[in-house]
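Undergrad: The following block contains the structure, expressed as structure tokens.
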Amino acid sequence: MADAEDRTYRPDALIAQDIEAYLARHRDKGLLRFITCGSVDDGKSTLIGRLLYDSRAVFEDQLSQLHSDSAKVGTQGQEIDFALLVDGLSAEREQGITIDVAYRFFATETRKFIVADTPGHEQYTRNMVTGASTADAAVLLVDARKGVLVQTRRHAFLAHLLGIRHIILAVNKMDLIDYDQATFETIRDEFAQYAADLDFADITAIPISGFKGDNIVTASPAMEWYEGPTLVGQLEAVPLPGERAQARPFRMAVQWVNRPNQDFRGFAGLIGDGAIRPGDPVRILPSGAQTTVKSISTFDGPLDEAVAGQSITLTLSDEVDCSRGDVIATADDPPQVADQFEASLVWMDTAAMKPGRGYWLKLGSRMVTATLQAPKYEIDVNNPLGSGAHLAAKTLELNGIGVLELHTDRPIAFEPYADSKALGGFILIDKESNATVACGMLNFALRRAQNVH
Ligand code: GDP
């Protein structure tokens, strides 16, 4: 189709340059990252298209394309079929390199947003994990005609496991059920019962129609019985995460050691938590060696202070042993170092987990060998009465979520995932196929290493 070939927007290539331009244009606005989750056909593409369209984030050429595509193949009369915006991009993606998570940007008067759009097909767990690992909030889409499904519960549980604290339950396609209040409230209450054990900071249920625009940006005249926020209103109200990470003790995993000459040895990385200044005492882990920060530099020059989320290069006052994968941390409040853990694991491979076998465990920039024990239990994500139910399990199959004991061949510096995503989240890689087979969260240490504390 000539039209398709003529399209000049390249979602994946756009991202790198556009993210900078986009962030710069809205420099003074707070940034919220969120993920949308739903089963196929719940209306995710339509909703994202609507958000982009209503916020004018869509480029003009895409818009005119959209109008003509809608006229040709739109299934719902003359109105713009917003799903074409997103699905068109997905089709392109499938033909080329597979990118499972697309990040899209839009801004309102008060905030800017990055939405991780994860396809709902059968590899959704993997995609959702990728998208959710950096998200602060999740929009869980439910088709009002179908209510809370197994997938809804699974997505909610994964969101909880990945540390997302703010949930928006978007009950979509309200126009197809005559904007019925009772149906909305039944769905809202059923979800609340399921999620009661998951420690979300807030759950906001909103009746919407992504297709018609009800309760997306402005309050819907068709649902005067609803008194809560609109979807965009709630996205603007979710507390931003930044301050929490900055208030924590300093931690930076060393991504590489930069040694341009004999006099300069810099340790580069992304600050996972906290803040750092020249002169601050630090400890290198797992060795435990102590020194102080001599300087902080970035591409833009030296800094007097750097905070969580910034990529920096540190120099240290002493010639201590510090290599890729080590963690530099506040000296008087360092992370723990251990080699035996309890972990929660989400299995993402078609081949089941093999207890007793060694996998590569990658935590930040550190790579060690981990041996997994048989699960203590598998989580019964589908139990509609609540999320706490446990099942006996000898292994984990594709999409299984379990809790188990894990040993590493060397001690690693870590923090419980609940405290630090950067030092508590890991992936497992199969040593033969090199495939990422699981993602996990360290819950706590079962045996600490002797050498540091
Ligand atoms: P996705 O698979 O979750 O991305 O779903 P789509 O956005 O592709 O939507 C699936 C179908 O539902 C399409 O035919 C949409 O036009 C339709 N749809 C999505 N949202 C709504 C809505 O709020 N109301 C109505 N009536 N149809 C909707």
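The values are calculated or read from the model by the stated rules, or taken from the named source; none is laboratory data. As the structure is a computational prediction, the values presented were derived from the model and not from experiment. Cβ placement follows ideal geometry from the backbone for every residue including glycine, while neighbour counts extend to all protein chains displayed.
Undergrad: Please work out which one of (1) closer than 22 Å to Ser133 by Cβ; (2) surrounded by fewer than 20 Cβ atoms within 10 Å (Cβ to Cβ) is the condition His407 fails and give its number.
TA: All conditions pass for His407, except number (1).
Undergrad: If I filter region 197-208 for residues that are assigned to a helix (DSSP H, G or I), within 15 Å of Cys37 (Cβ to Cβ) and under 17 Å from the mean Cα position of the chain (by Cα), do I get at least one hit? Give the steps one after another, and end with the answer.
TA: Of the residues in region 197-208, the ones assigned to a helix (DSSP H, G or I) are none.
The answer is no; no qualifying residue exists.
Undergrad: Okay, next question. Which of (1) outside any strand (DSSP E or B); (2) buried (at least 16 other Cβ atoms within 10 Å of the Cβ); (3) in contact (Cβ under 8 Å) with a residue 60 or more places away in the chain is the odd one out, the single condition Gly272 does not satisfy?
TA: All conditions are met except number (1).
Undergrad: For Phe426, are the conditions met, namely being more than 18 Å from the chain's Cα centre (by Cα), of a type in the set (Phe, Trp, Tyr) and in a strand (DSSP E or B)? Steps first, answer last, please.
TA: Working: more than 18 Å from the chain's Cα centre (by Cα): no; of a type in the set (Phe, Trp, Tyr): yes; in a strand (DSSP E or B): yes.
It is false that Phe426 is more than 18 Å from the chain's Cα centre (by Cα), of a type in the set (Phe, Trp, Tyr) and in a strand (DSSP E or B).
Undergrad: Inside region 234-268, can you point out the residues that are touching a residue at least 12 places away in the same chain (Cβ under 8 Å) and either assigned to a helix (DSSP H, G or I) or at positive phi (or both)?
TA: Gln234, Leu235, Glu236, Gly242, Ala245, Gln246
Undergrad: Taking Gln450 as meeting all but one of (1) within 19 Å of the chain's Cα centre (by Cα); (2) at pLDDT below 90; (3) surrounded by fewer than 21 Cβ atoms within 10 Å (Cβ to Cβ), write down the number of the exception.
TA: (1)
Undergrad: A follow-up question, please. Any residue in region 416-428 that is closer than 17 Å to Asp273 by Cα and in contact with a helix residue (DSSP H, G or I) (Cβ under 6 Å, 6 or more places away or on another chain)?
TA: Kept after step one, since they are closer than 17 Å to Asp273 by Cα, are these residues of region 416-428: 416-426.
Still in the running and in contact with a helix residue (DSSP H, G or I) (Cβ under 6 Å, 6 or more places away or on another chain): 416-417.
Scanning region 416-428, I find at least one residue that is closer than 17 Å to Asp273 by Cα and in contact with a helix residue (DSSP H, G or I) (Cβ under 6 Å, 6 or more places away or on another chain), so the answer is yes.
Undergrad: Just for region 153-211: of the residues that are without any contact (Cβ under 8 Å) to a residue 24 or more places away in the chain and among the small types (Gly, Ala, Ser), which one is nearest to the ligand (Cβ to nearest atom)?
TA: Ala182
Undergrad: In region 376-398, which residue that is assigned to a loop (DSSP other than H, G, I, E, B) and crowded, with 18+ Cβ neighbours inside 10 Å is modelled with the lowest pLDDT? Steps first, answer last, please.
TA: Within region 376-398, the first condition is being assigned to a loop (DSSP other than H, G, I, E, B), and the residues that meet it are 376, 380-389, 392-398.
Checking the rest, the ones that are also crowded, with 18+ Cβ neighbours inside 10 Å come to 381, 387, 393, 396.
Values: Val381: 80, Ser387: 63, Ala393: 90, Leu396: 95.
Here the answer is Ser387.
Undergrad: Can you find a residue in region 353-372 that is loosely packed, with under 15 Cβ neighbours inside 10 Å, in contact with an Asp or Glu (Cβ under 7 Å, 6 or more places away or on another chain) and not β-branched (Val, Ile, Thr)?
TA: For region 353-372, residues loosely packed, with under 15 Cβ neighbours inside 10 Å, in contact with an Asp or Glu (Cβ under 7 Å, 6 or more places away or on another chain) and not β-branched (Val, Ile, Thr): absent.
Undergrad: List pairs: first in region 284-300 and on the phi > 0 side of the Ramachandran plot, second in a loop (DSSP other than H, G, I, E, B), Cβ under 9 Å, 6+ apart or cross-chain?
TA: Sorted first by the residue in region 284-300, then by its partner, the pairs are Gly288/Pro334; Gly288/Asn451; Gly288/Val452; Gly288/His453.
Undergrad: Can I ask one more? Restricting to region 348-370, what's the tally of residues that are under 19 Å from Lys421 (Cβ atoms) and of a type outside the set (A, V, I, L, M, F, W, C)? Lay out the reasoning, then the answer.
TA: Within region 348-370, the subset under 19 Å from Lys421 (Cβ atoms) is 348, 361-368, 370.
Now narrow it down to the ones that are of a type outside the set (A, V, I, L, M, F, W, C): 362, 364-366.
Summing the residues that are under 19 Å from Lys421 (Cβ atoms) and of a type outside the set (A, V, I, L, M, F, W, C) in region 348-370 gives 4.
Undergrad: Hey, among the residues in region 292-303 that are within 17 Å of Gly274 (Cβ to Cβ) and modelled with pLDDT of 95 or more, which one's surrounded by the fewest Cβ atoms within 10 Å (Cβ to Cβ)?
TA: Step one: list which residues in region 292-303 are within 17 Å of Gly274 (Cβ to Cβ), which gives 292-293, 296, 298, 303.
Now drop any that are not modelled with pLDDT of 95 or more, which leaves 292-293, 296.
Values: Thr292: 13, Val293: 20, Ile296: 21.
Out of the qualifying residues, it is Thr292.
Undergrad: With Thr371, Thr436, Thr395, Thr350 as the choices, which residue is hydroxyl-bearing (Ser, Thr, Tyr) and within 30 Å of Arg283 (Cα to Cα)?
TA: Values: Thr436 fails: within 30 Å of Arg283 (Cα to Cα); Thr395 fails: within 30 Å of Arg283 (Cα to Cα); Thr350 fails: within 30 Å of Arg283 (Cα to Cα).
That would be Thr371, the only listed residue that is hydroxyl-bearing (Ser, Thr, Tyr) and within 30 Å of Arg283 (Cα to Cα).
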